[in-house]
1. Scan region 269-285 residue by residue and report those that are of a type in the set (Val, Ile, Thr) and assigned to a helix (DSSP H, G or I).
2. Looking at residue 303 and the list (1) open to solvent by 40 Å² or more (accessible area, probe 1.4 Å); (2) at pLDDT 95 or above; (3) in contact with an Asp or Glu (Cβ under 8 Å, 6 or more places away or on another chain), which single condition is not satisfied?
3. Being open to solvent by 20 Å² or more (accessible area, probe 1.4 Å) and either at pLDDT 95 or above or of a type in the set (Asp, Glu) (or both) is the filter here, so list the residues in region 311-322 that pass it.
4. From 286, 323, which residue is farther than 24 Å from residue 208 by Cβ and either without any contact (Cβ under 8 Å) to a residue 40 or more places away in the chain or in contact with a Cys (Cβ under 9 Å, 6 or more places away or on another chain) (or both)?
5. Taking region 138-165, which residues are surrounded by fewer than 18 Cβ atoms within 10 Å (Cβ to Cβ) and outside any helix (DSSP H, G or I)?
6. I'm checking my understanding of the structure. Among residues of region 334-352 that are part of a helix (DSSP H, G or I) and free of Cβ contacts under 8 Å to residues at least 24 places away in the same chain, which one is nearest to residue 364 (Cα to Cα)?
7. Among the numbered criteria (1) open to solvent by less than 40 Å² (accessible area, probe 1.4 Å); (2) modelled with pLDDT of 85 or more; (3) more than 30 Å from residue 283 (Cα to Cα); (4) not β-branched (Val, Ile, Thr), which one does residue 176 miss?
8. Any chance you could count how many residues in region 51-84 are modelled with pLDDT under 80 and either outside any helix (DSSP H, G or I) or in the same structural domain as residue 40 (by the TED database) (or both)?
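The values are calculated or read from the model by the stated rules, or taken from the named source; none is laboratory data. For clarity, every value in this text was computed on a predicted model and none was experimentally measured. Cβ sites come from the backbone with ideal geometry, for glycine too, and all protein chains shown count toward neighbours. With ligands, DNA and RNA removed, areas are computed over all heavy atoms of the protein, side chains included. Shrake-Rupley method; radii C 1.70, N 1.55, O 1.52, S 1.80 Å.
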Amino acid sequence: MESLRKLEELQKTIMLMQSYGVVSSSSSSDHDSNRFIASLVLFLIQPCGELDLAKKCALVSDYVPKISSGFLQKASICLSQKGSQQHNVGEEFQINCVDKSDSYLLHSDFEEMAMIGLDSMQRANSTLEDFCRSYFMFHGMDVNKPNEIFKYLPLLSFTESYIYQLDSLNEKTLHAPRNGEKFLERGAKEVEPMFISKFTNVFKTDPFRPLADLLGYHGLLTERMREEFKHGEEYWALERMLCCALVNRKEISVEDVIKAIHLKSFDYRVLNLLLYQLRGEQVNEVHMDFLSISEFLVEVADDLFDYEDDVLENNFNILRMFVRIYGTSAPAMVAKYIAQAEEKYSILLKTLESQLSLEYHRRCEEATREGNVTI
């Protein structure tokens with residue numbers, strides 16, 4: 001939300017400058033210039049000791065002519081090498097100058113910073129709602145009490161949005177042209193080669209490090225969360241490998257498919273582990289085991305519901321993968337895995353407290369009435 005507030009301030013500043021004739025009406029040619037000047041204005045009006053606005057203007061007039069592009073280049077190299085653990089005014093200025101067209105990316109220039117875009121926040125919203133309504137009960141929390149939601153929502157929302165940000169980058173590689181075929185998101189533009197390279201590079205390093213650093217700074221990061229981050233990377237790698245194999249008509253293994261479907265709900269486990277930390281609770285292993293098998297069943301049900309869309313968009317889907325492996329026997333094989341999981345689910349359900357078991361069953365019925373895919 002802080003990033004959105006800054007973008008709003010930037011836009012208001014640009015409009016104010018246009019109304020006073022400081023800059024011309026925005027066009028494609030001077031868009032970046034206007035953003036830069038607006039960011040400078042916002043920087044100048046920030047309090048700085050006892051300096052008033054007149055003194056600031058005088059300082060700018062005196063010193064800006066002495067600052068050459070060569071000096072700025074050297075300063076950029078020097079300061080980037082030293083790094084900074086503190087969030088300072090310079091970082092504020094840098095954030096405001098990010099190109100809006102790239103705001104949904106984990107831009108390589110900001111690889112040390114956890115950044116998310118509005119699109120990722122919007123996509124994460126339904127997952128967050130489901131998480132609150134389905135998982136809060138395992139923490140003895142009442143989802144109908146707003147104070148219980150909003151107390152933990154900022155970090156839960158940021159974390160899930162960051163994961164969706166990475167998921168969006170992964171999808172871009174899946175929708176990129178391969179062997180003459182194009183798989184694009186509905187209504188989306190074709191992905192340019194330069195962006196494909198950027199998306200790929202994100203997953204070559206440590207895509208979760210900025211988020212892990214942020215959680216660590218707040219004393220919330222655990223080794224178990226790190227493991228789930230690794231599971232997320234592993235899932236995306238499997239998704240890319242399996243979908244690429246299908247496009248190129250190569251063989252895939254059932255072991256990889258089953259592993260991928262189990263890893264797919266890693267974000268729910270991250271959120272659940274984070275909620276334990278936020279509440280200062282020990283992880284309840286009985287609950288985690290039950291939710292793990294429940295997550296598997298929900299993911300399979302989602303895949304069956306989304307089968308046609310996933311085929312068109314070149315997404316991972318268990319039925320789609322089984323069709324390649326088993327042909328016409330694919331539905332029967334999926335049903336076999338569902339039956340095995342349901343048997344485990346019934347056993348683990350009995351390990352829950354009776355009231356919790358009742359509440360979760362009621363939640364499943366509620367989700368079914370609302371049209372959501374659930375167990």
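1. 270
2. Of everything listed in (1) open to solvent by 40 Å² or more (accessible area, probe 1.4 Å); (2) at pLDDT 95 or above; (3) in contact with an Asp or Glu (Cβ under 8 Å, 6 or more places away or on another chain), residue 303 misses just condition (1).
3. 313, 319, 320
4. Details: 286 fails: either without any contact (Cβ under 8 Å) to a residue 40 or more places away in the chain or in contact with a Cys (Cβ under 9 Å, 6 or more places away or on another chain) (or both).
Selected residue: 323, the only one of 286, 323 that is farther than 24 Å from residue 208 by Cβ and either without any contact (Cβ under 8 Å) to a residue 40 or more places away in the chain or in contact with a Cys (Cβ under 9 Å, 6 or more places away or on another chain) (or both).
5. Matches in region 138-165: 140, 141, 142, 143, 144, 145, 151.
6. 346
7. Evaluating residue 176 over (1) open to solvent by less than 40 Å² (accessible area, probe 1.4 Å); (2) modelled with pLDDT of 85 or more; (3) more than 30 Å from residue 283 (Cα to Cα); (4) not β-branched (Val, Ile, Thr) leaves (2) as the failure.
8. Residues flagged as modelled with pLDDT under 80 and either outside any helix (DSSP H, G or I) or in the same structural domain as residue 40 (by the TED database) (or both) within region 51-84 amount to 3.
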